[in-house]
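Q: Questions regarding the structure given below will be posed in turn.
The values are calculated or read from the model by the stated rules, or taken from the named source; none is laboratory data. This one's a predicted model, so the numbers in the text were calculated from it and none came from an experiment. Virtual Cβ from ideal backbone geometry, glycine too; neighbours counted across all protein chains shown. Areas reflect the complete protein model, heavy atoms only, side chains present, ligands, DNA and RNA absent. Shrake-Rupley method; radii C 1.70, N 1.55, O 1.52, S 1.80 Å.
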Amino acid sequence: MADNNDQSTRRDFIHVASVSAAALGAACIAWPLIDQLNPAADTLALSTTEFDVSGVQEGMSVSVVWRGKPVFVRHRTKAEIDEAAAAELSDLPDPQTDADRAPRPEILVLLGVCTHLGCVPLGQKATDPKGEWGGWFCPCHGSHYDTSGRIRKGPAPTNLVIPPYKYISDNIIKIG
Amino acid sequence: MSGPKLTNPVVRWIDHRLPVFTFLHHEMHEYPTPKNLNYWWNFGSLAGITLVIMIVTGIILSMHYTAHVDHAFQSVERIMRDVNYGWLIRYIHANGASFFFIVVYIHIFRGLYYGSYKAPRELLWMLGVVILLLMMATAFMGYVLPWGQMSFWGATVITNLFSAIPLVGESIVTLLWGGFSVDNPTLNRFFSLHYLLPFVIVGVVVLHIIALHRFGSNNPLGIDVRGEQDTISFHPYYTVKDMFGLSVFLTIMAAVVFFLPNSMGHPDNYIPANPMVTPAHIVPEWYFLPFYAILRAVPDKLLGVLAMFAAIAVLFVLPWLDRSPVRSASFRPIYKIMFWVFLLDCVALTYLGAMPAEGIYVVLSRLCTVYYFFHFIVLLPALSIIETPRSLPRSIGKPVLGGGNGIPAPAPAAAREKP
Ligand code: HEM
Ligand code: FES
């Protein structure tokens, strides 16, 4: 390989090789130092919640705690369902049909977290302001959601999220 | 510029091996400082002393504080009610944060007025902006610790800013939280970082001062020091002046700590955090309001977040936006006016950040936000070209052009003047 008048190249190789090895080593140790910030195993283990929807009267809305956040379970009235179904998709900033969002139209299940910066929108209590579309209103920066939890006006970019859930019996949902 | 005359043999013995006494003498005693500094130059040392006050009170609070969601609020209430003088120490720390920002903001506007960011002090200025950013992070995380409603929802909204980042935003937020919402892991890491960052600030302050002592302080005339006749030694002249300023500052701070301790806080933070209910009107601490107003002024989530960060980032490049060779606004007739307009704009943004985001407030926030960036990005580069500065004095010792005419320079200085 390299002979005497090529000394510098061999030294350069040693330099590059050792710096690369050190960089690789640093990257390997950096990941555990960063990943420890992510949710721990016990935090992940707490991530399902079960709830009996039969207790929610028509026109009523209940907040259930899931992963430290509220999940809204709303038993919608006929009028609210009709209103949600009637919305023109072209009027929606984040177009989605009501049927896609609520497979069982009376029971709407939503993550009660504004998609703007994470406040809990108002509209769960009868006395709360519900916004211009009769669903929810986020007081933090003024986002209005309709009776399907879709964003209609304000800074929030997307509809209220539908958490993953399924019916494990006729009336019991398992969220998460 | 000779070394100190060390008479004590023990001091001499130590100094020979570890020259701390020579160093201190050089940097804090004989250190030549422009002789024309006005009171706006007091705020640097005030900021340093406030940092020390924050660290001392913070370490004491940590001895009684419990970083756990079930105990944090109660431990702070216990500090207030049961710990001897706990109320005093907490009120000094909580109000101290506000005073720290008041002092640093004045310090920054002093720099803007007198052009202290210009060559050769660009790095000094940029280190200052780094300190500001670290202070903001520290104060934000400190405010989360008492775990009241504002703590919790402030933390939620601010950490959610990162969710605006495309693709990886949500993962970053989960990483910051250590869970699926602001919760116990979040509180613990915030406490850890809140303890750490002030010491990082101390480190950057040291760099800031090294950079300062390279060329010395700027001065109200904004012209370079020409020689010994333009300077006086730091001690006793400025140590005494700084001590006087400090006593005025501490008097005002004591008045607030004893008589208006909650005036700069928000009453909702005396309600324990409730992750299920957001307070009807959430506002950040007053020192974040201008940036909060900029965030809300932009109707798009990602662009709003970017504008907010850009509002600080623009300060980093300020030395290259303002190309005017004249530092002090005293000699820049147009900039002098625009400085006050800009200050007014910042005050307006502070006010608007506290108002609900609706109606006229939204319109005004947008106007003020546009003006904020217009000032830096359009006005300053343009002024560097179109403005005709007034003629500068020849030296600090001879503040009037041509010397001798008009106001005569103070006699002792003139006497010391070299040919
Ligand atoms: C740059 C310096 C610092 C700033 C700007 C700052 C800011 C703050 C703020 C705004 C609060 C909330 C006060 C309240 O409303 O109750 C706070 C709380 C706290 N800080 Fe600091 N802090 C600083 C340095 C430190 C240091 C160095 C420590 C520890 C060594 C510390 C420990 C604490 C503790 C334990 C609390 C919770 C108790 C309480 O809320 O009163 N701080 N800090
Ligand atoms: S968090 Fe709901 S509008 Fe900003």
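Q: On the given criteria, is residue B:355 buried (at least 16 other Cβ atoms within 10 Å of the Cβ) and at pLDDT below 95?
A: Judged against the criteria, residue B:355 is a match.
Q: With (1) at pLDDT 95 or above; (2) of a type outside the set (Ser, Thr, Tyr); (3) open to solvent by 30 Å² or more (accessible area, probe 1.4 Å) as the list, and residue B:132 as the residue in question, which single condition is left unmet?
A: That leaves (3) as the condition not met.
The rows are residues; the columns are (1) free of Cβ contacts under 8 Å to residues at least 60 places away in the same chain; (2) assigned to a strand (DSSP E or B).
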residue	(1), (2)
A:95	yes, no
A:117	yes, no
A:136	no, yes
A:148	no, no
A:163	no, no
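Q: So which residues in segment B:49-86 are within 10 Å of ligand 1 (Cβ to nearest atom) and either within 14 Å of another protein chain (Cβ to nearest Cβ) or among the aromatic types (Phe, Trp, Tyr) (or both)?
A: Hits for segment B:49-86 are B:65, B:73.
Q: Can residue B:90 be described as in contact with a Leu (Cβ under 9 Å, 6 or more places away or on another chain), basic (Lys, Arg), surrounded by 20 or more Cβ atoms within 10 Å (Cβ to Cβ) and within 22 Å of residue B:40 (Cα to Cα)?
A: no
Q: Only residues that are of a type in the set (Asp, Glu), modelled with pLDDT of 90 or more and under 30 Å from residue B:175 (Cβ atoms): list them for segment A:1-58, please.
A: Residues satisfying the conditions are A:35, A:50.
Q: If you don't mind, another one. Looking at this structure, is residue A:98 more than 9 Å from ligand 2 (Cβ to nearest atom), among the acidic types (Asp, Glu) and at pLDDT below 90?
A: No: the conditions fail for residue A:98.
Q: Yes or no: segment B:205-214 includes at least one residue that is under 21 Å from residue A:116 (Cα atoms) and either away from every other protein chain (no Cβ under 12 Å) or within 27 Å of the chain's Cα centre (by Cα) (or both).
A: There is no residue in segment B:205-214 that is under 21 Å from residue A:116 (Cα atoms) and either away from every other protein chain (no Cβ under 12 Å) or within 27 Å of the chain's Cα centre (by Cα) (or both).
Q: Please list, ordered by residue number, the helices (runs of 4 or more DSSP H) wholly in segment B:135-237 having 2 or more residues that are within 16 Å of ligand 2 (Cβ to nearest atom).
A: Once the helices (runs of 4 or more DSSP H) in segment B:135-237 are filtered for at least 2 residues that are within 16 Å of ligand 2 (Cβ to nearest atom), what remains is B:149-160, B:169-177.
Q: Which condition from (1) free of Cβ contacts under 8 Å to residues at least 24 places away in the same chain; (2) crowded, with 23+ Cβ neighbours inside 10 Å; (3) of a type in the set (Gly, Ala, Ser) is the one that residue B:178 breaks?
A: Evaluating residue B:178 over (1) free of Cβ contacts under 8 Å to residues at least 24 places away in the same chain; (2) crowded, with 23+ Cβ neighbours inside 10 Å; (3) of a type in the set (Gly, Ala, Ser) leaves (2) as the failure.
Q: Hey, among the residues in segment B:259-283 that are assigned to a helix (DSSP H, G or I) and without any contact (Cβ under 8 Å) to a residue 60 or more places away in the chain, which one's surrounded by the most Cβ atoms within 10 Å (Cβ to Cβ)?
A: Once the filter is applied, the top-ranked residue is B:267.
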